[in-house]
Structure formats: structure tokens, C-alpha cells
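Readers should treat all values here as calculations from the given coordinates under stated rules, not as data from a laboratory. Computed from a prediction, not measured in an experiment: that's the story for all the values here. Here the Cβ positions follow ideal geometry from the backbone for every residue, glycine too, while neighbour counts run over all protein chains shown.
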Amino acid sequence: MPLYDLEVAFAALTRFPSRLRAPPRPHEIEAAMPWFPLAGAAVGLAASCLYFAANALGLPGLCALLVALTGQLLASGAQHEVGVARTIETLAETRSPSPPAREQRGVYFATLALALLVLARVAALLSFWSPWSFAAAAIAAAAFSRALIPLVLVSLPSPTSLRPERTRALLGLGLALAIALVLLPPFFVLAGALWAGVAGMLSALYLRRRLGGCDRDALGMVQQMGELAFLFALASAGWPV
């Protein structure tokens with residue numbers, strides 16, 4: 001049922017209240033993947049509403065942006081950011097000879113990666129000076145980047161139990177593009193989609209070579225790289241016009 005699949009998508013990707021009594025099972029998450037972009041759009045919308053509110057209260061641009069990013073992390077449960085940290089930690093540990101050195105190196109690089117990720121997102125979002133341009137960029141990037149998750153699972157072998165159908169992945173991509181086209185001119189959507197797609201697939205290919213595939217934490221890294229690339233593409237292309 002579409003409504004149930006939508007609830008599963010929100011339960012899997014957000015921390016919004018849910019009527020589900022138990023965590024979604026793998027086959028339920030697979031069926032809900034076409035709705036992943038809508039869950040991402042809701043996360044971006046939550047951040048945008050806080051940005052509007054902070055601007056209405058007269059907070060300076062950077063302060064309003066930090067309020068919006070805090071809301072975005074709370075709405076998503078920071079699960080993708082945690083996935084980045086765990087993936088970086090695993091990658092760093094594979095290059096250290098002894099167990100104590102592996103643990104210390106992993107924590108150091110994971111912390112550094114998260115700090116750089118937040119700074120990069122702040123730098124990109126500061127380019128969108130008005131609340132409306134911020135909202136369009138944040139919602140479109142959050143929606144499209146989450147459409148990359150099923151695309152990667154379909155395209156590359158994965159150690160997870162998730163095996164979505166190709167049709168579901170393409171439906172999610174179509175929904176993500178539709179959301180972006182409602183908010184942004186076609187040229188900016190094309191630029192963002194290309195940058196995000198390349199960044200997401202290159203990240204997935206690298207993780208496949210180093211780790212043998214994309215587990216759930218690595219999928220979080222793919223999503224984050226796609227979202228950041230989408231925002232960078234908009235800033236590079238000159239959004240807002």
C-alpha cells in the first residue's frame with residue numbers, strides 16, 4: 001500500500017513521529033524506496049522552516065543557518081552523518097598496523113571528517129542568501145541525495161540484505177527530479193543531479209574497492225556526498241539567479 005510504504009520511508013530515514021509499532025523489515029524498506037526522496041524533502045523542509053523562523057527573529061545569516069542545520073540533524077537523526085563517521089573510521093583502521101593505533105587513528109579521522117563535512121555544508125548553504133533560495137536548495141538536495149541510495153544498491157553488489165527492484169529505484173529518481181523541478185529551474189536541476197550522481201557513484205565505487213561494497217553506514221556516506229555535491233553545483237552555477 002502506498003501510504004504504508006510512505007510511512008516506512010519516513011520511519012527509516014527520519015525521526016518524525018511514526019505509527020509503526022516495530023522497526024521496518026528489509027522487504028518493507030525495499031518497497032518504500034520510491035518514497036525516499038519525499039522523506040528527504042521533509043527533512044529539508046524542516047530545516048527550511050527553522051531558517052525562515054530564525055530570519056524572522058532577526059538572527060544573523062550564520063546563526064540562522066546553524067539553527068537550520070541543527071533542525072536538519074534532529075529531523076534525520078543524524079544517521080547519515082554517523083554513517084560517514086563509522087565508514088571513515090573503518091577506512092582509517094585498515095591502514096594501521098596495531099589494534100591501539102587502529103582505534104586512535106579511526107577516531108581521529110572520523111572526527112576530522114565530520115568537522116569538514118559540516119563546514120563544507122555551511123560554506124555551500126551560505127551562498128543561498130534568501131530564505132526562499134535556501135529552502136529550494138536544501139529541499140532539492142535532500143530529496144535527490146536520498147534517491148541515490150536505491151540506485152547504488154541496484155547498481156553495485158552490497159553486503160546489506162536490501163535488494164530493491166530496478167523499477168523502484170528509477171521511480172525514486174523520477175520523484176526526486178520532480179521535486180527538484182518544482183523548486184529550481186531545469187538548468188540548476190540538471191547541474192545538481194549530475195554533480196550529485198557522479199559524487200555518489202564515485203563514493204560507492206571507492207567503498208566497493210576498499211570495503212567490498214556499501215553497507216548501511218557506507219550508504220550514509222554516499223547520501224552525504226551526493227547532497228553536498230548537489231549544493232556545490234547550485235552554488236557553482238550561480239543559484240539564486
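Listed values, structure above:
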read-out	value
Given charges at Cβ of Lys, Arg, Asp, Glu: the chain dipole, positive-most of THR111, ALA176, ILE139	THR111
Selected from GLY212, LEU153, ALA237, residue furthest toward positive end of dipole (the chain; charges at beta carbon)	GLY212
Ratio Rg/Rh, restricted to the stretch 59-204 and using Cα atoms, in which Rh is the Kirkwood radius	1.01
Phi to ³J(HN,Hα) by Karplus 6.51 cos²θ - 1.76 cosθ + 1.60 over the stretch 27-39, Hz, x for Gly, Pro	5, 6, 5, 4, 5, 8, 4, x, 9, 4, x, 5, 5
GNM flexibility winner over the chain from LEU117, LEU62, LEU73 (Cα, springs under 10 Å)	LEU62
Sequence of SER158, SER18, SER145, SER203 once ranked by neighbouring C-beta atoms within 10 Å, starting from the fewest	SER18, SER158, SER203, SER145
Table column - 3J(HN,Hα) (Hz), the stretch 180-193, Karplus curve with 6.51, -1.76, 1.60, x for Gly and Pro	5, 5, 5, 9, 10, x, x, 4, 5, 5, 4, 4, x, 5
Neighbour-count ranking [beta-carbon atoms within 10 angstrom, fewest first] of TRP35, TRP129	TRP129, TRP35
Formal net charge of residues neighbouring ALA120 (Cβ-Cβ distance under 14 Å; K, R +1; D, E -1)	-1
Among LEU181, LEU125, LEU148, residue whose mean-square fluctuation peaks in a GNM of the chain (springs only between Cα atoms under 10 Å)	LEU181
For the chain, built as a Gaussian network whose Cα springs stay under 10 Å, the top-fluctuating residue of ALA115, ALA169, ALA123	ALA115
Only Lys, Arg (+1) and Asp, Glu (-1) charged, at Cβ; the chain dipole about Cα centre in debye	320 debye
Percent of Cα-Cα distances greater than 15 Å, calculated over the stretch 137-241	58 percent
Listed residue (VAL189, PHE16, LEU228) projecting farthest to the positive dipole end of the chain, Cβ model	LEU228
